[in-house]
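In what follows, a structure is listed as structure tokens, so that the remarks can point back to it.
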Amino acid sequence: MLNKNKNLKLYYSIGEVAQMFNVAESLLRYWEGEFPTIKPKKVGKGVRQYSKDDIEAIRLVYHLVKEQGMTLSGAREVIHHSKDGTTSRLEIITRLESVRDQLQSLNKALNELV
């Protein structure tokens, strides 16, 4: 799953982004061709630099394809027709997962006290 500590740099290498999502670099390059919202900056010799916007676009594709099990064409259709609604749902899911993790940590700490 996604490493949530991604707000520290302006640009990330393809290797760093692949590691964030635990996917192969080749999958990111493939998604770049399939989803126009993923458009990393290319510098010398085709080296990709991913911005925070690129990472958010990848996060949405990852959610739809890997977590929701959609096909690429289905994910493209959802992104095309309701990107804002899908992004909002994804943000809510991400926040809820964070709250769940915090509650589990608190529960574990409380159980250790008993």
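The values are calculated or read from the model by the stated rules, or taken from the named source; none is laboratory data. Here the structure is a predicted model, which is why all the values come from computation and not from measurement. Neighbour counts run over all protein chains shown; Cβ positions are idealised from the backbone, glycine included. These accessible areas exclude ligands, DNA and RNA; they are computed on the full protein's heavy atoms, side chains included. Shrake-Rupley method; radii C 1.70, N 1.55, O 1.52, S 1.80 Å.
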In the stretch 20-58, what residues are assigned to a helix (DSSP H, G or I), open to solvent by less than 30 Å² (accessible area, probe 1.4 Å) and closer than 24 Å to ARG95 by Cα?
MET20, PHE21, ASP54, ILE55, ALA57, ILE58
If GLU112 satisfies all but one of (1) touching a Lys or Arg at 6+ places or on another chain (Cβ under 7 Å); (2) open to solvent by 60 Å² or more (accessible area, probe 1.4 Å), what's the number of the condition it fails?
(1)
Within the stretch 62-78, of all residues that are part of a helix (DSSP H, G or I) and open to solvent by 90 Å² or more (accessible area, probe 1.4 Å), the one modelled with the highest pLDDT is LYS66
Could you run through the stretch 79-109 and say how many residues are under 21 Å from GLU34 (Cα atoms) and either at pLDDT 85 or above or surrounded by fewer than 13 Cβ atoms within 10 Å (Cβ to Cβ) (or both)?
5
Scanning the stretch 9-19 residue by residue, the ones that are assigned to a loop (DSSP other than H, G, I, E, B) and open to solvent by less than 70 Å² (accessible area, probe 1.4 Å) total 1
